[in-house]
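The values are calculated or read from the model by the stated rules, or taken from the named source; none is laboratory data. Note that the structure is a prediction, hence the values are computed from the model and not measured. Cβ atoms come from the backbone with ideal geometry, glycine included; neighbour counts cover every protein chain shown. The accessibility values were calculated without ligands, DNA or RNA, using every heavy atom of the protein model including side chains. Shrake-Rupley method; radii C 1.70, N 1.55, O 1.52, S 1.80 Å.
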Amino acid sequence: MKNILVIQDISCFGKCSSTVALPILSQFKLTATLLPTAILSTHTGSQFPGYVMTDLREHMKKTMAHWQQLAIRFDALYIGYLGMVEHVAIVEQAIDSLLKPGAKVILDPAFADHGQFYSGLDFSYVNALKRLVRRSDYLLPNYSEACFLLGKSYMDLEYNRHETQVLLKELQGLGTKNSLLTGYHKKNKIGAGLLLEDGQFFLEKSTFYRQHFAGTGDVFASVFVGDLLLSKRPDQALKKAVDFVAAAIQATLEDEDPIDYAVHFEKVLDQLH
């Protein structure tokens, strides 16, 4: 079995980040090894003011040193929410010391949505994160994060296929090999676009729901990573991720006990293989 190193936080309540990544990757019959950056009482969304965060920088360094002693190496690296500028240098060390030759680095920058930074993050975090962008094989920002990374003004408007391709090409200009943009929105459709390093472009869409759910970006990225590493077909992984998020949202809306802080992705895990 392939062993994927997942570097992101543990949000104890809220169904996001590593609590989403681990079960989804496991559903793909992949081993997911977690290197947590921080422990949060909840995710940082507006539903949970006053969250508590414990930084795990020192634990990360000691864990990595132990793994190096054991000669543990990973088949891929999936980077999500880090939370602090200081975490970036530690992730760079992981890229240098813990990956097998040819291992893929997939970066979901996870720092903004709806034109606003997540709590506690700012442009200094974006500038630090660009170091990881340059070392990534796949970059998976949403529209807000793409705008911040590219120094563009965010506008909460529908955008078309051509604009999506332009943004993806500009993201590749930051150094990533392949760029993927979530949050494509036109009329009653939402989806994601993917531009590969050889110039191939793919766009997948599903039904747009006006209700916002936190954590759907984590669900999307985790499905994309899992399917990509199994199928080695990024176009197939893109479609599977878009379709799965739509199914998870629909399952949440139809549930007798719906929630507004995340999606019931567990109800549709059997769609993944």
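Restricting attention to the range 142-182, the residues that are surrounded by 13 or more Cβ atoms within 10 Å (Cβ to Cβ) and among the charged types (D, E, K, R) total 6. Among the candidates Thr63, Thr37, the residue that is open to solvent by less than 10 Å² (accessible area, probe 1.4 Å) and either more than 20 Å from the chain's Cα centre (by Cα) or under 22 Å from Val85 (Cα atoms) (or both) is uniquely Thr37.
Taken over the range 24-34, the criterion of being more than 19 Å from Met60 (Cβ to Cβ) and either open to solvent by 30 Å² or more (accessible area, probe 1.4 Å) or among the basic types (Lys, Arg) (or both) is satisfied by Ser26, Gln27, Lys29, Thr31. Condition (residue is surrounded by fewer than 19 Cβ atoms within 10 Å (Cβ to Cβ), farther than 23 Å from Ser144 by Cα and modelled with pLDDT of 95 or more) applied to the range 76-86: is it met by at least one residue? Within the range 76-86, none of the residues are surrounded by fewer than 19 Cβ atoms within 10 Å (Cβ to Cβ), farther than 23 Å from Ser144 by Cα and modelled with pLDDT of 95 or more. When Ala21, Ala110 are screened for being surrounded by 18 or more Cβ atoms within 10 Å (Cβ to Cβ), on the phi > 0 side of the Ramachandran plot, touching a Leu at 6+ places or on another chain (Cβ under 9 Å) and of a type in the set (A, V, I, L, M), only Ala110 passes. Every listed requirement among (1) touching a residue at least 24 places away in the same chain (Cβ under 8 Å); (2) surrounded by fewer than 17 Cβ atoms within 10 Å (Cβ to Cβ); (3) of a type in the set (S, T, N, Q) is met by Gln236 save one, (1). Cβ-Cβ contacts under 6 Å between residues 6 or more apart (or on different chains), taken from a first residue in the range 169-183 that is in a loop (DSSP other than H, G, I, E, B) to a second residue that is open to solvent by less than 40 Å² (accessible area, probe 1.4 Å) and modelled with pLDDT of 95 or more, are listed as Leu174/Val133; Gly175/Val133; Thr176/Val133; Thr176/Ser136; Thr176/Leu139; Lys177/Asp137. Can you spot a residue in the range 42-54 that is more than 25 Å from Ala262 (Cβ to Cβ) and modelled with pLDDT of 95 or more? There is no residue in the range 42-54 that is more than 25 Å from Ala262 (Cβ to Cβ) and modelled with pLDDT of 95 or more. The set of residues in the range 211-233 being buried (at least 18 other Cβ atoms within 10 Å of the Cβ), within 26 Å of Gln47 (Cα to Cα) and either more than 13 Å from the chain's Cα centre (by Cα) or without any contact (Cβ under 8 Å) to a residue 12 or more places away in the chain (or both) consists of Phe213 alone. Once the range 198-222 is narrowed to residues that are outside any strand (DSSP E or B) and closer than 17 Å to Thr164 by Cβ, the residue that is modelled with the lowest pLDDT is Phe208. Among the residues that make up the range 93-112, is at least one of them of a type outside the set (Ser, Thr, Tyr), outside any helix (DSSP H, G or I) and in contact with a Gly (Cβ under 8 Å, 6 or more places away or on another chain)? Checked against the condition, which is being of a type outside the set (Ser, Thr, Tyr), outside any helix (DSSP H, G or I) and in contact with a Gly (Cβ under 8 Å, 6 or more places away or on another chain), the range 93-112 yields at least one hit.
Cβ separations smaller than 7 Å between residues 6+ apart or across chains give the following pairs from the range 190-210 residues that are touching a residue at least 24 places away in the same chain (Cβ under 8 Å) and under 15 Å from Lys177 (Cβ atoms) to residues that are part of a loop (DSSP other than H, G, I, E, B) and open to solvent by 50 Å² or more (accessible area, probe 1.4 Å): Glu197/Lys177. Pairs meeting the criteria (first residue in the range 104-120 and closer than 30 Å to Phe74 by Cα, second residue assigned to a strand (DSSP E or B) and open to solvent by less than 50 Å² (accessible area, probe 1.4 Å), beta carbons under 6 Å, at least 6 apart or on different chains) are Lys104/Ala76; Val105/Leu77; Ile106/Tyr78; Ile106/Tyr138; Leu107/Ile79; Leu107/Leu139.
Can you list the strands (runs of 3 or more DSSP E) found entirely within the range 18-90 that contain at least 1 residues being in contact (Cβ under 8 Å) with a residue 60 or more places away in the chain?
53-55, 74-79
Of the set (1) under 17 Å from Ile106 (Cα atoms); (2) free of Cβ contacts under 8 Å to residues at least 24 places away in the same chain; (3) over 19 Å from the mean Cα position of the chain (by Cα), all apply to Lys267 but (1).
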